[in-house]
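First the structure, in the form of structure tokens, and then the observations on it.
Derivation of every value follows stated rules applied to the coordinates shown; laboratory data play no part. The shown structure was predicted, so the numbers you read here are calculated from the model rather than taken from an experiment. Counting neighbours? That spans all protein chains shown, and the Cβs are built from the backbone with ideal geometry, glycine included.
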Amino acid sequence: MIRRIPSLLVRNANVALLLIACLLLCGTAWAAPGRPWAWPDDIADKTFGVISGTIYDGFVATRFPKARIMRFSGTSDMVLALKAEKVDAIMVESITSGLVLKSNEALGMLADNVLELPMGVGFSKNDPDLRDRFNRFLKKIRSDGTYDRIHDRWFRGDPDKAVMPDIPVSSGAEKCVLAVSVADLPYVAMMNGRYVGFDVEVVQRFAQSEGIRLEIITLEFDALVAALAAGKADIITDGIAITEERSRRVLFSDPYVHSNSTVLTLKKNLAAGREKGEASAATKEKPASFLRRAVDGFYSNIILENRYLLILDGLKTTAIISVFSSILGSLLGALVCFMRMSPLRLLTIPGRIYISILRGTPVLVVLMLTFYVVFASVNISPVLVAVIAFGLNFAAYVAEIYRTGIEGVDTGQTEAGISLGFTRTGTFTHIVLPQMVRRILPVYKGEFISLVKMTSIVGYIAVQDLTKASDIIRSRTFDAFFPLVMVAVLYFLITWLLLRGLDCLERATDPKIRRGMGRGEGLPGAL
């Protein structure tokens, strides 16, 4: 052991020297000012943010194979992730990047004119005549100067200040559904409760000239092509790049505009001037107080452009889907429970299969299958589809809750009721059912709250609920904090109010509370 001490000391000394050297190197790296990033060398192995379903996804994967890609549903989500340093850079359209930089002083442009793309309006493969009519219309407005006026309105100046002209809606017999994403200007956005933007104006003018009754629905960007292929939309547009892969499923119009893309990052990554003592305007200005930021956020997210109307419409839609889905699911769950507990295998087996499939399938998948497959060829309201899909899902869970509650009631009480002269139906109605309801209500309330919160995914099938309204507002303001907190508070209020109603039902079915109220116990002013 004594002989090994020198070698241990030498070995430990080497380890200590290695650790000291590493700390010195790390300290030097931390202390040294980082040099500004250069495109594309310094970004090749960084984390990129792209909008899901866009051409930027494939571009980054091909151009920078070592880069990590994070996919988002909208520009506002990407901007939030960039400011939080969850991603190192984001790719956006050049006009959109100007709006982003105007609203976010901490961001800067790393590269411009990165990727030039031809944009087109998409039409169904089953309706080439509609595409040909649009191409003729596009050629006509290019020749008479209308196209130039539309292009200048949305691309030459500030699209935030552009005024959408009033285009009369045709009352013709032909109807077309236009699906958009409401991502951001200059292509499609929502202002004062109206769809605006370059794409919207062009398609609306086309519909007016052809006598087409145009209906506009909102979907996620990556769902536009699927909606067109499934027949849920006749036209899709929102700055969609024409690619070979998309052309296999979509009939694209002639290119109506060419778009350049930019790469944005944090200004500190571009701060070449800061090493020379230059400071950005953001560091020079004194940060606004919390109260001031809250007031500004309330105005920009609620008052400006009448955005509170979006919130009210979304709140109404969320409440409708939640209430009617729970009613449908409760009634259907009772039927499935009856089948599940039936002595006949002809009923028991389908009941078991229904419960297993619906409980084992994510509700989003059920929603998409219901909209794009089951009702693919049916002209049905997306809100009604959401009610059916959530009702089917809710019924599978409620059926098991009912079964557990019924089996929790002692069978002797059923036998006693029959011996007293009640029929089996009367025994269940007057003896078993009240006890079952009292037993299942706590669990039922939990499933009901889960249902209300699950309705936040209905934006995937063109339903503008509370969450989708928040997404639309964030796409205009690029403010993540206020819209998300506001939606969280509203969901809490919805669930709180609905729970109070269920609490009243629970008290009404509790015999102890009823007996106490009958004696005047617990009532104000009772003696």
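In whole Hz, what ³J(HN,Hα) sequence does the range 356-368 give by Karplus (6.51, -1.76, 1.60; θ = phi - 60°), x for Gly and Pro?
Each residue of the range 356-368 in turn: 5, 5, 5, 6, x, 10, x, 5, 5, 5, 4, 4, 5 Hz.
Given C-alpha coordinates of the range 34-165, what is the ratio Rg to Rh with the Kirkwood estimate of Rh?
1.05
By DSSP, what percent of the beta bridges with both residues in the range 147-252 are antiparallel, rounded to the nearest 5?
On the way: 3 of 12 bridges.
Bridges in the range 147-252 that DSSP calls antiparallel: roughly 25 percent.
Per 20 Å bin, what is the whole-percent P(r) computed from every C-alpha pair distance within the chain?
Once binned at 20 Å, the Cα pair distances of the chain give 17, 40, 27, 14, 2, 0.
Could you tell me the extents of the range 392-449's C-alpha atoms along the three principal axes, largest first, rounded to whole Å?
40, 20, 14
Please report, to two decimal places, log10 I(q)/I(0) for the range 121-254 at q = 0.10, 0.14, 0.21, 0.22 Å⁻¹ as given by the Debye formula with identical point scatterers on the Cα atoms and no solvent.
Values returned for q = 0.10, 0.14, 0.21, 0.22 Å⁻¹ are -0.30, -0.60, -1.42, -1.55.
Just to be sure I understand: of the beta bridges DSSP finds with both ends in the chain, what percent are antiparallel, rounded to 5?
55 percent
Can you give the Rg and Dmax of the range 41-117 based on its C-alpha atoms, in angstrom?
11.6, 31
Would you mind ranking C337, C176, C504 so that the residue whose beta carbon has the fewest other beta carbons within 10 Å leads the list?
Values: C337 22, C176 19, C504 10.
In increasing order of surrounding Cβ atoms, one gets C504, C176, C337.
If we count other beta carbons within 10 Å of each Cβ, what is the order of V257, V182, fewest first?
Details: V257 19, V182 25.
Final ranking by Cβ density, sparse to dense: V257, V182.
What nm distance separates the two modelled labels at A61 and T348, each placed 7 Å from Cα along Cα→Cβ?
4.9 nm
Among Y187, Y147, Y256, what is the fewest-to-most ranking by other Cβ atoms within 10 Å?
Y147, Y256, Y187
How many angstrom separate the Cα center of the range 144-187 from the Cα center of the range 70-115?
Each part's Cα centre sits 24 Å from the other's.
For the range 344-388, compute Rh as the Kirkwood radius over C-alpha pairs and then the Stokes-Einstein diffusion coefficient at 20 °C and 1.002 mPa s; write the answer in µm²/s, rounded to an integer.
Calculated translational D: 180 µm²/s.
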